[in-house]
Protein chains: 2
Amino acid sequence: MAPTRDRILDTTAELFRHHGYTGTGLKQIVAEASAPFGSIYHHFPGGKEQLGGEVIRRSGRMYYELFELIMDQADDFVSGVGDFFAGAAMTLEATDYADACPIATVALEVASTNEPLREATAEVFESWIAGAAERGVAAGLSPERARSVAVEILCLLEGAFIFCRALRTTEALAVAGARAVESVSEALGADGA
Amino acid sequence: MAPTRDRILDTTAELFRHHGYTGTGLKQIVAEASAPFGSIYHHFPGGKEQLGGEVIRRSGRMYYELFELIMDQADDFVSGVGDFFAGAAMTLEATDYADACPIATVALEVASTNEPLREATAEVFESWIAGAAERGVAAGLSPERARSVAVEILCLLEGAFIFCRALRTTEALAVAGARAVESVSEALGADGA
DNA sequence: GTCTATAGAAGGATAGAC
DNA sequence: GTCTATCCTTCTATAGAC
């Protein structure tokens, strides 16, 4: 069995994804992680806020690694973006519309209520934008265009997650994915790649 | 002073927008609405869930009316969309990145945890998509293209709200707004309007 | 360092006085 | 129908036994 600390982090990430930050209780976390209550404050002296910050950064890193994996397996930038949206739609359906963005719910909850956690979500989002833009530059885009394409793709993805989860259909991800693919290929054409 | 019931609805809508559903307490609501605690259960016998459902539908209706107002004041469909994104960015900055979508936070919180409220958010989102698509049809788009353009615009808007609130910049709304305007005009060109 | 017990505040909900 | 007092649960956090 994984170390207690890791089990707590994994369980918390899962609960945050489905129930959000305020909707997840510490007692619920230790119960599902099969850990004694005291373990939380032993491993995370800063309490729920420290645990939350670590989970946000960790989930953000892991989700970005998934993005890199899919992009590396794809033939090119354009098809990689299409694969990512398609994979997101499949995951969403397979998990009964539960597993979308690991931190979006928490990000909205803390945006105006908890400054340290808001900063954690900002760091994650900024790293995603920078990482996706880097891939765009490698594919031939100018840095400026690569950044706006990255922002656009991520807006389409996050927005589609909201509609898909609420409406329980994958329509929005299909539309957003098609738009993302089209935008990327147009941008590559415009920057002469 | 407005009737107690309306004050409760207004206050709850405001608190949901900033703190979300689980993050908003009934005691907090009556305190800010200057109402006695019993008023909640007098006007909303179904408790927090009934109140939440009414607030979601009401906020959704009001936000759509804002959309209609801006569209009616604009010269055409394309510039109306641009105005809406520009207005959203101004509001966001003016409210210290607090006032974005009135129901997105709640929608993500309840998507996998409260079926009646999930349905309320689904009804609102579906009405937004249908309403925006109707405007697209009136502007000359085919029904199919109008719907996908509507979904695309809304994904861009909701996604941009997440990034803007977390990063405390209006970059994402600017990028998303430009993309939305471009997509709408391209669609109108393709459908020969 | 693992784990239990409990404190103290806040959560939703109810009963009933006026 | 306005308003208060209170119930029970759950929350985060701490103290301290082992």
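Just so it is clear, none of the values below were taken in a lab; they were calculated from the coordinates. Note that the structure is predicted; figures quoted are calculated from it, not measured. Positions of Cβ are backbone-derived with ideal geometry, glycine not excepted, and every protein chain shown enters the neighbour counts.
At-a-glance table
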item: Cross-link reach list, lysines versus A:Lys48, counting only Cα pairs under 22 Å and skipping chain neighbours closer than eight places; result: A:Lys27
item: Total charge dipole magnitude, chain B, about the Cα centre, Cβ charges on Lys, Arg, Asp, Glu only, Debye to nearest 20; result: 660
item: Net length gained if the chain between B:Tyr41 and B:Glu68 were fully extended (0.36 nm per residue, minus Cα distance); result: 6.3 nm
item: Per the axis that maps chain A onto chain B, nearest residue of A (Cβ criterion) and its distance in Å; result: A:Gly159, 2
item: Other-copy label distances relative to B:Glu144, 7 angstrom Cα-Cβ extension, nm; result: 3.8
item: A:Lys27, A:Lys48 arranged by Cβ crowding within 10 Å, fewest neighbours leading; result: A:Lys27, A:Lys48
item: Kirkwood hydrodynamic radius (C-alpha pairs) into Stokes-Einstein, the range B:59-129, 10 °C and 1.306 mPa s, D in µm²/s; result: 119
item: Given charges at beta-carbon only (K, R positive; D, E negative), |dipole| of the protein assembly as shown in Debye; result: 1300
item: Shortest-first nm distances, A:Asp96 label point to equivalent points in other copies (7 Å, Cα→Cβ); result: 4.0
item: Relative contact order [Cα under 8 Å, 6+ residues apart], chain A, whole percent; result: 22
item: Whether the protein assembly as shown is rounded, prolate or oblate, judged on the alpha carbon gyration tensor where a/c under 1.5 counts as rounded; result: oblate
item: Alpha carbon centroid spacing (whole Å) that separates the range A:1-76 from the range B:1-42; result: 32
item: Other protein chain Cβ atoms within 10 Å, averaged over every residue that makes up B:21-27; result: 3
item: Alpha-carbon Debye profile of chain B, log10 I(q)/I(0) at 0.09, 0.19 Å⁻¹; result: -0.37, -1.27
item: Dipole magnitude of the range B:138-193, debye to nearest 20 (Cβ charges: Lys/Arg +1, Asp/Glu -1, about Cα centre); result: 220
item: Rounded tilt (10° steps) of B:171-190 against the dominant C-alpha axis of chain B; result: 50
item: Per-selection Kirkwood Rh - the range B:89-159 (Cα, Å, 1 d.p.); result: 13.5
item: Principal-axis tilt of helix B:143-167 within chain B, Cα atoms, nearest 10 degrees; result: 60
item: Fewest-first ranking of A:Thr170, B:Thr113, A:Thr121, using other Cβ atoms within 10 Å as the exposure measure; result: B:Thr113, A:Thr170, A:Thr121
item: Shielding by partners, peptide B:90-102 (average Cβ within 10 angstrom, other chains); result: 1
item: Label distances, nm, B:Glu186 versus same residue in remaining copies, Cβ-directed 7 Å point; result: 0.2
item: Principal-axis tilt of helix B:115-138 within chain B, Cα atoms, nearest 10 degrees; result: 30
